[in-house]
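J.: Take this structure first; my questions come after.
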Amino acid sequence: MLQINNLTNSIDGKAILKGLSLTLNAGEIHAIMGPNGAGKSTLAYTLGGRPGYEVTGGTTTFEGADLFAMDPHERAAAGLFLGFQYPVEIPGVSNLQFLRESLNSQRRARGEKDLTGGEFIKLAKEKAALLGLDMDMLKRPVNVGFSGGEKKRNEMVQMGILDPKLAILDETDSGLDIDALKVVGAGINAIMRKPDKAVLLITHYQRLLDYVRPDFVHVLAGGRIVKSGGPDLALELEREGYAEVVAA
């Protein structure tokens, strides 16, 4: 589904990713772990198309198409979802308004019909219930006045409604207490653990992986993948830290 070959990039002329290669197949969940400054969020933003993240080499394809030939909205319509470490607030725009327009914009880009108001409300209620988010919160401005946990659950509701093929989740566990972590983990599993979908989880800690068990764990350091393994690698990192793995 996603094929990254020798990817390099820079921000303000400074090289961050330095030859990163990674393959995600449909039906797989991959976790990216690594120390601060390794390039984890840079990878997420580069794949999502954030301005200022200049690709300087390598190739990346999404379902066989050149990902970097697409604008960010085209990547989203093709089925890529980017979850942020710090979801933004959008004053004056209700969640329902934002989500309905986002979904129907993507449907139009794929040649599909818009959902009616009734169809959309039914879908929104279903996904909100899955994440334990009160429908009244979906009537409020996007993330305004939300706690950290509520913002992350709201983002997972967005993911459920948009129903992407590939979810790139940048430190989704950041700021979550144990109860919220369980809810968000269950939501990721319910929405994305399917044979035709894939997930790239970016995290510092093993705790999210207690609830969303990955098929593969990769250590990113110095802009490259330096080690890959199964779920036990996350436990090793939690126990021993990154220093020995990065130095090996």
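No lab work stands behind these numbers, since they all come straight from the coordinates. A quick note: this is a predicted structure, and the numbers were derived from the prediction, not measured. Glycine gets a Cβ as well: all are built from the backbone with ideal geometry, and neighbour counts include every protein chain shown.
J.: Nearest 10 degrees is fine. How inclined is helix 178-192 to the longest principal axis of the chain, computing both from alpha carbons?
T.: Tilt of helix 178-192: around 80 degrees.
J.: In addition: Could you identify which residue out of M192, M156, M135 has the top mean-square fluctuation in a GNM of the chain using Cα springs shorter than 10 Å?
T.: M135
J.: Using the 2.2 N^0.38 Å rule of thumb for compact globular proteins, work out how segment 1-74 stacks up: its C-alpha Rg over that value, please.
T.: On the way: Rg = 12.0 Å, N = 74, 2.2 N^0.38 = 11.3 Å.
Relative to the 2.2 N^0.38 Å estimate, segment 1-74 comes out at 1.06.
J.: Could you tally the net charge around A15, taking each other residue with its Cβ under 15 Å from the Cβ of A15, Lys/Arg +1 and Asp/Glu -1?
T.: Here the charged neighbours net out to +1.
J.: Further, regarding this structure: Mind jotting down the distance between the C-alpha centroids of segment 26-46 and segment 75-130, whole Å?
T.: Segment 75-130 and segment 26-46 have Cα centres separated by 24 Å.
J.: If you build a Gaussian network model of the chain, linking Cα atoms that sit under 10 Å apart, which residue out of L123, L24, L103 swings the most?
T.: For the chain, modelled as a Gaussian network with Cα springs under 10 Å, the answer is L123.
J.: Hey, quick one: spin label on A186, modelled 7 Å out along Cα-Cβ, who in segment 96-139 has an amide N within reach, i.e. under 12 Å?
T.: 129-133
J.: Now for a separate question. What's the extension gain from M135 to E238 if we count 0.36 nm per residue and subtract their Cα-Cα distance?
T.: 33.4 nm is the gain from fully extending M135 to E238.
J.: Any idea what angle helix 148-162 forms with the longest principal axis of the chain, computed on alpha-carbon atoms, 0 to 90 degrees, nearest 10?
T.: 80
J.: Sticking with this structure for a sec: Across 10 Å bins from the origin, how do the percents of Cα pairs in the chain run, short distances first?
T.: Here the calculated profile for the chain is 7, 31, 37, 21, 4, 0.
J.: With all pairs of different alpha carbon atoms counted, what Kirkwood hydrodynamic radius in Å does segment 70-213 show?
T.: Across segment 70-213, the inverse of the average 1/r is 15.4 Å.
J.: Further question on the same structure: How much length is gained on full extension from R50 to H73, taking 0.36 nm per residue of separation minus their Cα-Cα distance?
T.: Details: separation 23, 0.36 × 23 = 8.28 nm, distance 1.08 nm.
The span from R50 to H73 would gain 7.2 nm if fully extended.
J.: Sticking to Cα atoms, compute the Rg of segment 85-134 to one decimal and its Dmax as the biggest Cα-Cα distance, whole number, in Å.
T.: Radius of gyration, then largest Cα-Cα span, for segment 85-134: 12.2, 32 Å.
J.: What FRET efficiency, computed as 1/(1 + (r/R0)^6) with R0 = 30 Å and r the Cβ-Cβ distance, is obtained for D179 and N25, rounded to the nearest 0.05?
T.: Rounded to the nearest 0.05, the efficiency is 0.40.
J.: What longest region of the chain stays clear of trypsin sites (Lys or Arg not before Pro) that DSSP places outside H, G, I, E and B and that have at most 10 other Cβ atoms within 10 Å?
T.: Longest run free of exposed loop sites: 114-248.
J.: Calculate, axis by axis, the spread of Cα positions in segment 174-248 along the three principal axes, and write the results as whole Å, longest axis first.
T.: Cα extents, longest axis first: 37, 30, 21 Å.
J.: Identify which of A78, A234, A186 has the largest mean-square fluctuation in a Gaussian network model of the chain, with springs joining Cα atoms closer than 10 Å.
T.: Per the Cα network of the chain with a 10 Å cutoff, A186 tops the list.
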